[in-house]
Amino acid sequence: MKVPPSIRWQEGRLWLLDQRRLPAEVVYVERKNAAEVADAIARMQVRGAPAIGVAAAYGMALAGRAGHDPEAAAATLVAARPTASNLAWAVNRVLAAADPVREAEAIHREDVAMCRAIGAHGVGLLRDGMGVLTHCNAGALAVSALGTATAPMYLAHEAGAHLRVFVDETRPVLQGARLTAWELSEAGLDVTLICDGMAAHLMAEGAVDLVITGADRVTANGDVVNKIGTRGLAIAAGYHGVPFYAAFPSSTFDPATAVGADVEIEERNPDEVTDPIPAAPGVRVRNPAFDVTPAELVTGWITDRGLFSKPAELGVLAPG
Ligand code: MRU
């Protein structure tokens, strides 16, 4: 991978790559306690479902080492962002562990291994010359290694396949334009950046053979909660007969939540939408950060435990 890691844990100190400043500036910020980690998650200095889980795990490790109340640290971290399941999953794992530092390090290590497994299960979907469309950043910057949605692409590229990757810019925070386009092109893939509203047109042109996105939470019935715009993309893919896949690690599967409609969708500050173009005075602005793609629009779920074509098969991802 050519881009720097999103999280560095060095000699017991936590450094986060400030993703709000990418790709113009590559700057690491040190976070010294759970409250600072929670603040970095809320402000999206670190973002992407698996990465916020890893960062929060280290937030718990910092709290444990400082002798702070672990329950209070956990509550602060979990409240930072409500939608991705990885955050509470990682915090609860560290909370239950005898050694918080070792557990956080284990979560970080497992994240790397899960990305490679996702790539191995998804790479067979890709052929030389295919057009692949992705949304938001479910790449190396959102995880610890090859990313999730991007893992099959990186492995296909490594194996010599030439893919044409279309990247939705992903308004309003522009994770596609600023992060995905950057990391894929740094790795030598053939990248084309498009506005979100152009995806359906490219499908109608026949330029897109496959869509792969990440996921922030996948519910028991297979609904995929992911970055705002994913639902529209899946509807467009279904209309045009383009297969739609979601790629994610087991930690994103939430068997305790029945359907996507039960998941809290984070509503972020409207300023993200009106920056840099302000709305006319008196215009209301909404900023839901995620949406729900119904399972019936998903062709397959690419996970670290296998590639599944039916929601009932996702049960193997459930813990224990
Ligand atoms: O708001 P973000 O940038 O944290 O949202 C990220 C996404 O929606 C990703 O697609 C998802 O977390 C998968 S990351 C491997």
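The values are calculated or read from the model by the stated rules, or taken from the named source; none is laboratory data. Everything numeric here is computed off the predicted structure, so don't read it as measured data. When we count neighbours, we look across all protein chains shown, and the Cβ atoms used for this are built from the backbone with ideal geometry, even at glycine.
In table form, for the structure just shown:
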{"quantity": "Test: residue in the stretch 203-210 that is within 19 Å of the chain's Cα centre (by Cα) and either surrounded by fewer than 24 Cβ atoms within 10 Å (Cβ to Cβ) or among the β-branched types (Val, Ile, Thr) (or both)", "calculated": "yes"}
{"quantity": "Meets criteria (of a type in the set (A, V, I, L, M) and more than 28 Å from Leu155 (Cβ to Cβ)) for Ala42", "calculated": "yes"}
{"quantity": "Strands (runs of 3 or more DSSP E) lying entirely in the stretch 1-72 (those with 2 or more residues that are in contact with a Lys or Arg (Cβ under 9 Å, 6 or more places away or on another chain), assigned by TED's automatic domain parsing to the domain that holds Glu105 and within 16 Å of the ligand (Cβ to nearest atom))", "calculated": "13-17"}
{"quantity": "Search result, residues across the stretch 300-320 that are within 19 Å of the chain's Cα centre (by Cα) and among the hydroxyl-bearing types (Ser, Thr, Tyr)", "calculated": "Thr303"}
{"quantity": "Cβ-Cβ under 9 Å pairs, at least 6 apart or on other chains, the stretch 167-178 side over 16 Å from Asn226 (Cβ atoms), far side within 10 Å of the ligand (Cβ to nearest atom) and outside any loop (DSSP other than H, G, I, E, B)", "calculated": "Arg178/Gln19"}
{"quantity": "Some residue of the stretch 82-95 being within 16 Å of the ligand (Cβ to nearest atom), crowded, with 18+ Cβ neighbours inside 10 Å, within 17 Å of Leu141 (Cα to Cα) and not hydrophobic (A, V, I, L, M, F, W, C)", "calculated": "yes"}
{"quantity": "Close pairs (9 angstrom Cβ cut-off, 6 or more residues apart or separate chains): in contact (Cβ under 8 Å) with a residue 24 or more places away in the chain in the stretch 42-68, within 16 Å of the ligand (Cβ to nearest atom) and among the aromatic types (Phe, Trp, Tyr) anywhere", "calculated": "Ala49/Phe248; Pro50/Phe248; Gly53/Trp89"}
{"quantity": "Yes/no for Val316 being β-branched (Val, Ile, Thr) and not in a helix (DSSP H, G or I)", "calculated": "no"}
{"quantity": "Selected residue (criterion: nearest to the ligand (Cβ to nearest atom)) from residues of the stretch 249-289 that are assigned to a helix (DSSP H, G or I) and surrounded by 14 or more Cβ atoms within 10 Å (Cβ to Cβ)", "calculated": "Thr252"}
